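First comes the structure, then the notes that go with it.
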Amino acid sequence: MKPTLTLRSSVSSPMASTTLAKTTESPASVSDGGASKSGSRNLPIDTLRGLACLLLATYHVIGHDAGAGLKVPHGDPLRIFNELLVFARMPLFAFLSGFVYAWRPYKGNATEFVGSKIRRLLVPMLLVGTAYALIQINTPGVNTTEVIHWKLLHVIPVSHYWFLESLFFVFLGIMIVETLGLMSTEAGFLAIFAGAVTLHLLHPLPIYFGLQGSGYLLPYFLLGVWANRFDGNQRHPWVVPALLVSSAAAIIYLRLAKQPMPAPFSAYELLFGATICVTLLRLNLRVGWLAWIGYYSFAIYLFHSMFSAATRLALQKVWAAPVWFLLLTGVAAAILGPILLQPWIQRIPIVGAWILGEKSKRTSSAS
């Protein structure tokens, strides 16, 4: 979904479940930017990261509208499935970002905190997002309806890189709230969450610098923080049943009233997204191959579209491949391509670390 709709001391509170115990080092993710492998991983969280990557890759292979990607027409079951992914794709990424943040929250060093988010989010966004825009505008047959605003490049976010830009401002807002101590209690947190929901529903923020996307992501990010900081050992067992019942009632109503699919920034979208995120976390999924994908989530996020589009273009030049084949090969390329690319990028002195949002080896050894 595009935002315009055209659009770290650890916490003392328990984790969302005893089986989600904090690892020795918080796993790297899209929220962190870095992809440095730690000695110990969190299998359920990496599993959900891998799932989010698959949903993201599938969405972009199919295409965000009938003129993009595989050019699947409106009304086609594949197009309907792709539109339904809006309720899980970016909400899940934001939810996991909040959950991981709560392992190592802001503790008062603003310069260090902001600097790390610039390195992990904005620098990769500028480098890879700009390269993506250049490749897209100079490659025939990319099948996109997106307009690149060159004079306002990254002022108006570029494609899916809006998430990195928007998440940066989410972190800035969270830093302010944490400084004021407004999320130190569950009551205070719920007040902040209510404000975030209001901001989400009204979406008054402009598109510029990803601010509109920040308003979209914020409730999901905060929900992830809540699941980690205040729902340890599932202290609120009623939450998932309540969300599931509410979502089922909303779906029945929408069907009976013959309402169109809920739009982003709507109460229905927020309800469905929250239900999916919290339910998936409570399921405590442990799937090895998904967790393996999740370890590379940042590289996949940065480069998946380039590999999927290149695969589709190459296949279509030599064979009138069916849609299902293009879908499977496109998703495979979108996942495996960045995984194979990441170690090569890491070998590039200095710039490789910038691309992946990591600390350079020179910086790391100095520190």
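The values are calculated or read from the model by the stated rules, or taken from the named source; none is laboratory data. What you see is a predicted model, and the numbers here were worked out from it, not measured in a lab. Every residue, glycine among them, receives a Cβ derived from its backbone with ideal geometry; neighbour counts consider all protein chains shown. The protein model used for the area step is the full one, side chains on, heavy atoms only, and it has no ligands, DNA or RNA in it. Shrake-Rupley method; radii C 1.70, N 1.55, O 1.52, S 1.80 Å.
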Item to check | segment 117-276: relative contact order as a whole-number percent, Cα under 8 Å and 6+ apart | outcome: 21 percent
Checklist entry - What is the extension gain from residue 110 to residue 292, computed as 0.36 nm multiplied by their sequence separation minus the C-alpha to C-alpha distance, in nm to one decimal? => result 62.2 nm
Item to check | Gained length - residue 66 relative to residue 198, 0.36 nm times residue gap less alpha-carbon distance | outcome: 44.3 nm
Item to check | Cβ-based charge dipole, segment 214-367, positive-most Cα from 256, 316, 219 | outcome: 316
Item to check | Summed side-chain charge close to residue 43 - residues other than residue 43 whose Cβ falls under 12 Å, Lys, Arg +1, Asp, Glu -1 | outcome: +2
Checklist entry - Of all the accessible heavy-atom surface of segment 289-363, with the other protein chains kept in place and a 1.4 Å probe, what percent is carbon and sulfur? => result 74 percent
Checklist entry - residue 316 to residue 359: extension gain in nm, 0.36 nm per residue of separation minus the Cα-Cα distance? => result 11.5 nm
Checklist outcome for this item: Applying the gyration tensor rule to the Cα atoms of segment 282-367 (axes a ≥ b ≥ c; rounded if a/c under 1.5, else prolate if a/b exceeds b/c, else oblate), the class is oblate
Checklist outcome for this item: Within the under-11-Å Cβ sphere about residue 231, not counting residue 231, Lys/Arg +1 and Asp/Glu -1 give a net charge of +2
Checklist entry - Using a 1.4 Å probe on the protein chains only, how many percent of the accessible area of segment 38-99 belongs to carbon and sulfur? => result 67 percent
Next on the checklist: Quick check: the distance between the Cα centres of segment 274-302 and segment 215-232, to the nearest angstrom?
Outcome noted: 16 Å
Checklist outcome for this item: Those trypsin sites (Lys or Arg not before Pro) from segment 235-312 that are DSSP loop and have at most 10 other Cβ neighbours within 10 Å turn out to be 258
Checklist entry - If you take the square roots of the eigenvalues of the alpha-carbon gyration tensor of segment 200-299 and sort them as a ≥ b ≥ c, do you get rounded (a/c under 1.5), prolate (a/b over b/c) or oblate? => result oblate
Next on the checklist: Can you give me the solvent accessible area of residue 208 with a 1.4 Å probe, rounded to the nearest 10 Å²?
Outcome noted: 110 Å²
Item to check | Accessible area of segment 251-315 divided out per residue, in Å², using a probe of 1.4 angstrom | outcome: 45 Å²
